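For reference, the structure discussed in these notes is given below.
We did not get these values from a lab; they are worked out from the coordinates using the rules stated. Just so we're clear, the structure is a prediction, and the values are computed from it rather than from any experiment. FYI the Cβ positions are ideal-geometry reconstructions off the backbone, even for glycines, and counts take in every protein chain you see.
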Amino acid sequence: MATHQVARRPVRWREALVLATAFLLCLSGGIFHPDNTLGWPPIATFVVAGISCAALVVRHRSPVIAVAVTTMCGMLVAPLGLLLTPLIVVPVAIAAYALALHTELRVTIAVLLPAVTLLVAVTPLLDGLSWQDGSRLLSVAVLPLIAGALGSATQSRRAYLAAMEERALRAEESRESEARRSVAEERVRIARELHDVVAHQITLANAQAVVAAHVFDSQPEQTRSNLNNIIETTRNALDDLRATVGLLRQAGDADPSAEPSPGLSQLPRLLESFDRAGLRVTTDNEGTPKPLPPGVDLTAYRVIQEALTNVGKHAGTSHARIRLSWSRDRLSITVADDGPDSRAARTSNRPSFTGSDRPSGYGLIGMRERATAVGGQLFTENSPAGGFIVSAHLPLTPANTTGDTENGGPP
């Protein structure tokens, strides 16, 4: 901890209120006279109160000077014929609080102990007072010490709160960094899969264009030129996509030509894997199924896969429902669970999350990125029955996947 902390600039009206209160309290101490009578404060009381409160103005910048000046004013109380009371030393207590608030504990002790000793010792030496007034002098000595203790406690509390705030800020920055990193990794994975699908389609287009060029030999020369241009263009695009996918792939990744991109045609196999894991899934179809673009088909499969994975991890239930609603221009996918299953909860030691307690994780981020990449939308909500619902609306026509990074699309 630094020797001197940067003092907060006090509000002017608050500072004026503190000084006025200190002046009135110090002045009210003058109504007690040494002959045990009460009366109007002497002129000397106004002088002591005025000088002491004037010294409090610098207590935030120079607390040691403020303590020294207020202590000297307290030492002049007895020589001026006034009675040393706790009210008269209120400015000393305020200066002691500021000293403890802005300095280290060892400095506070080194300044306050001599100040209190001088403040109390000068009264019996000059006035010849008996020690029957010990209780009054004890209160005079204790008041600055209590103020110093309060100042030290306030300083410790401020330091603790500052440390907690800094720790929370660092934790928040760490979470944001982790979230950004996970989103970036998910986008790279999505880009790889989309590039695989596009590369496959361009390969087919290239093969078809080659066949067309050989079949239509009898056509005009312009047709041949156009077909040759298609072959060249698709070949260049395929080379570019291969280079891009090669940069995105990591060592040990499977060869994309060895396994097809997953889609809704592989949904039964996916549901069988979850059934073997103990999650029973029922499927409902509304409308007439239609062919899907490869990117949309892959996104639909991945959304269902991730949603069912979250059910198995977090829902604490053994049953989930999938609804596929086919309309003229879009496919709506709804994956819902029933929330915690009481029988499963009694036989399982894994934690369950329901409602707002269900962790968001990065799976939902990935599903939303996938849906946005193909021109669709994804929504999540809590079910009134206590479960969780994931809904995705995907277009049945190919979408422009060049992306709008400002709207959440892939880069």
Segments 67-75, 279-287 sorted - mean Cβ within 10 Å per residue, highest first: 67-75, 279-287
Highest to lowest packing among 110-120, 170-180, scored as the average C-beta count within 10 Å: 110-120, 170-180
Net lengthening on full extension, R181/A54 (0.36 nm per residue, minus Cα-Cα): 39.9 nm
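Give, in nm to one decimal, the length gained when the segment between R61 and S325 is fully stretched (0.36 nm per residue of separation minus the Cα-Cα distance).
87.8 nm
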Ranked packing of 320-331, 93-104, most packed first, by mean Cβ within 10 Å: 93-104, 320-331
